[in-house]
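Undergrad: Quick one: this structure, given as C-alpha cells, is what I'll be asking you about.
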Amino acid sequence: MNNTDNKLIPELRFPEFVKEGEWQESTIKLLGEIITGGTPSKEENEYWGGDFVWITAQDFKKKYISTSVLRLTQKGKGKSRVVPKNSVLVTCIASIGLNGINKVECATNQQINSIVCNSENYFEFVYYSISKNIERLKNLAGQTAVPIISKGVFEKFTILKPKKPTEQKKIASFLSSIDELIVANTDKLDTLKDHKKGLMQNLFPQEGQSVPKLRFKEFEKNGVWKKNSFDKLFEIGNGRDYKHLNKGEIPVYGTGGYMLSVDDYLYDGESACIGRKGTIDKPMFLEGKFWTVDTLFYTHSFKVCLPKFIFYIFQNIDWKKHNEAGGVPSLSKANIYEIEVFVPKPKEQQKIVDTLSSLDNLIKEQTEEIEQLKQYKKGLMQGLFPKIIN
C-alpha cells in the first residue's frame, strides 16, 4: 500500500485535514455488523406479496435503493434478517460487486452482504470506498462457474479510511454532490429520450393510418402519405471482410459501432444501416466514406426518400418481427425489401429529419456531459483515496 511518498495519504485532501496524518487500514468486519441475507421459503405464499422490501441483485439500479421487485409480508419479514436503513449492500455471489445504500429498512437474499456501519464509520464513505476497490473485491471470487465471496472472506477484505469520521463525511458529501449532478443530468437525458419517443410515435403514421397524428402546419393540406415498399426507395449493400486492407483513416463499422480504420471504403455518402445478423434492431446512420463488415447492411441509391428519413423510419420498425432465424437473429435483403411504409414528399421529410436531428443533437450533448461528469468523478476517486497495492 502506498502513494507517491509510500504513505497512506491521498493525493487530494481537504485543507482542514492536511495535518491529520496517514489513513488507517481496516477490515470490513471492523466497520460494523455484517448481515448476510436469506430467502424465506417460496412455497409459503403467506411470506410473499406484502409491502416489506426484499432486495436482490436485480434491484441495484442506482446508488440508493428504496424499493424492490419482490416484497415480503410481515410473516416473511419475520423469517428474514432485517437490515436497518443506511446500510451498505454488496453482492457477493454471481454478480459480484454491485453495491448500494438502502434508504428503507429491508431484507436481502443470500447473494448480498450488508454492512451496518458503527458510529466510527460513515455509511456514505464506506459505500464510496467499496466502489473504489470493487475490482479488488471481484478478484476474491476466483474463476468458478458461479463466482462467490463467502461472508468470512468478505469480512477480511480491507479498505483505507481517515482516522476522523468528519473527514469521511467531507469526502462522501463531495462525491455525493457529483453523483447528484450525474443523476440530474441522467434524468434530463431520460426526459429527452422520452420526448423523442413520443415524437416518433406522432410524426409517423401508426398502423392502419396513412397520415401522422402530428403534422407540421405547412403540410396539413398535402394529403395522405404514399405507401411504398423499401425496394422502391433504396438499395441494400452487403458489408465485406476488411482484413486484406491496410491501416488508414476510413472507419469500419459493425453492429456494435466503430471497430477500426482502414485505407479503402465501400461507400461514400449518407446511409441508414441495419444489422444483418446478431444485433438486428439497432439502426445506425453513417455519412462520408466508410466500410461495413458482413453483419451490417448499408443502404444506398435512394429514390424519392432522404437517407436520414429512412434512418428514422428504421427506428420506428420492430425489427425482431422480421427475424428469420431460430438461433442467432438475422435479416435478409429480400425480407427488408418487402417491408411497406408510408412516405411524404421530400420537403415534409426534411422537416421531420431536421426536427428529430436537433433532438438527437441534444441527446448526444447530454450523453457527453454525463460521461464527462463520470470521468471527473473517476479522477477524483483516484485522488481522494490512497492507493492499495496487493
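Where a number appears in this text, it was derived from the coordinates with a stated rule and is not lab data. Owing to the predicted nature of the structure, the values given are computational and were not obtained by experimental measurement. Cβ placement follows ideal geometry from the backbone for every residue including glycine, while neighbour counts extend to all protein chains displayed.
Undergrad: Given charges of +1 on the Cβ of Lys and Arg and -1 on the Cβ of Asp and Glu, with all other atoms neutral, how large is the dipole of the chain about its Cα centre, in debye to the nearest 20?
TA: With only Lys, Arg, Asp and Glu charged at Cβ, the dipole is about 540 debye.
Undergrad: Continuing with the same structure: Defining a contact as two alpha carbons under 8 Å apart and six or more residues distant in sequence, what relative contact order in percent does segment 273-384 show? Numbers along the way, then the final one.
TA: Working: 86 pairs, mean separation 28.7, N = 112.
Reported as a whole number, the value is 26 percent.
Undergrad: Report the trypsin sites (Lys or Arg not before Pro) located in segment 139-239 that are in a DSSP loop and have at most 15 other Cβ atoms inside 10 Å of their Cβ, or state none.
TA: Values: sites: K151, K156, K163, K169, K170, K188, K193, K196, K197, K213, R215, K217, K221, K226, K227, K232; in loops: K163, K213, R215, K221.
Passing both the DSSP loop test and the Cβ count: K163, K213, K221.
Undergrad: Pairs to check: K164/K387; K196/K247; K197/K320; K62/K364; K19/K61. Give those whose C-alpha atoms are more than 29 Å from each other in this structure.
TA: K196/K247; K19/K61
Undergrad: Follow-up. Taking a virtual spin label 7 Å from the Cα of K163 along the C-beta vector, which residues in segment 18-41 bring their backbone nitrogen under 11 Å of it?
TA: Within reach of a label on K163: 19-24.
Undergrad: Taking the simple approach of a point 7 Å from Cα along Cα-to-Cβ for both L260 and M200, what is their distance in nm?
TA: Placing both labels 7 Å along Cα→Cβ, they lie 3.2 nm apart.
Undergrad: Computed FRET efficiency, Cβ-Cβ of N118 and R81, R0 30 Å: what is it to the nearest 0.05? Please report the intermediate quantities before stating the final value.
TA: Values: r = 18 Å, r/R0 = 0.59.
With a Förster radius of 30 Å, E is 0.95.
Undergrad: Based on the Cα coordinates of segment 24-161, what is the per residue volume of their convex hull in Å³?
TA: In segment 24-161, the Cα hull volume divided by residue count equals 100 Å³.
Undergrad: Using only Cα atoms, find the angle between the long axis of helix 346-384 and the longest principal axis of the chain, and express it within 0 to 90 degrees, rounded to the nearest 10.
TA: So the inclination is approximately 20 degrees.
Undergrad: Residue farthest toward the positive end of the dipole of the chain, with Cβ of Lys/Arg at +1 and Asp/Glu at -1: which of C273, N228, P212?
TA: P212
Undergrad: Starting from the Cα-Cα distance between S150 and T367, subtract it from 0.36 nm times their residue separation and give me the gain in nm to one decimal.
TA: 74.3 nm
Undergrad: How fast does segment 38-90 diffuse by Stokes-Einstein, in µm²/s, taking the Kirkwood radius from C-alpha pairs at 4 °C and 1.567 mPa s?
TA: Rounded, D is 111 µm²/s.
Undergrad: Another one. Suppose every Lys and Arg Cβ carries +1 and every Asp and Glu Cβ carries -1, with no other charges. What dipole size does segment 269-378 come out with about its Cα centre, to the nearest 20 debye? Could you put the intermediate results ahead of the total?
TA: On the way: 16 positive and 15 negative charges, 25 e Å.
Here the size comes out at about 120 debye.
Undergrad: Test of understanding: express the Cα radius of gyration of the chain as a ratio to 2.2 N^0.38 Å, with N the residue count. Walk me through the intermediate numbers first.
TA: Working: Rg = 27.3 Å, N = 390, 2.2 N^0.38 = 21.2 Å.
Cα Rg divided by the expected 2.2 N^0.38 Å: 1.28.
Undergrad: Can you give the helix-only mean residue ellipticity at 222 nm for the chain, where every DSSP H stretch with n ≥ 4 adds -39500 (n - 2.57) and the sum goes over all residues, rounded to the nearest 500 deg cm²/dmol? Could the numbers behind the result be given before it?
TA: Details: 8 runs with 120 residues, N = 390.
Mean residue ellipticity at 222 nm (helix-derived): -10000 deg cm²/dmol.
Undergrad: Here is a further query. Normalised radius of gyration for segment 73-126, please: alpha carbon Rg relative to 2.2 N^0.38 Å, two decimal places.
TA: Rg over 2.2 N^0.38 Å, computed on Cα atoms: 1.17.
Undergrad: Still on this structure, I have one more. Please report V353, V328, V343, V88 as a ranked list, fewest other C-beta atoms within 10 angstrom at the top and most at the bottom.
TA: Sorted ascending by nearby Cβ count, the order is V328, V353, V343, V88.
Undergrad: Run the simple label-point estimate for N228 and K282 please: 7 Å along Cα→C-beta, distance reported in nm.
TA: 2.9 nm
Undergrad: Given bins 5 angstrom wide, list per bin the percent of all Cα-Cα distances in segment 312-390, short to long.
TA: 3, 10, 12, 11, 10, 11, 12, 9, 7, 7, 5, 3, 1, 0
Undergrad: Find the relative contact order for the chain and round it to a whole percent, using C-alpha pairs within less than 8 Å whose residues are 6+ positions apart.
TA: It rounds to 16 percent for the chain.
Undergrad: Separate question: Looking at the square roots a ≥ b ≥ c of the eigenvalues of the Cα gyration tensor of segment 226-343, which shape do they give, rounded for a/c under 1.5, prolate if a/b is larger than b/c, or oblate?
TA: Because a/c hits 1.5 or more and a/b fails to exceed b/c, segment 226-343 counts as oblate.
Undergrad: Could you give the distance between the Cα centres of segment 143-218 and segment 14-80, to the whole Å?
TA: First find each Cα centre; the distance between them is then 20 Å.
Undergrad: Could you give the length gained by full extension between E324 and K221, i.e. 0.36 nm per residue of separation minus their alpha carbon distance, to one decimal place?
TA: 33.1 nm is the gain from fully extending E324 to K221.
Undergrad: Sort V211, V183 so that the residue with the fewest other Cβ atoms within 10 Å of its own Cβ comes first and the one with the most comes last.
TA: V183, V211
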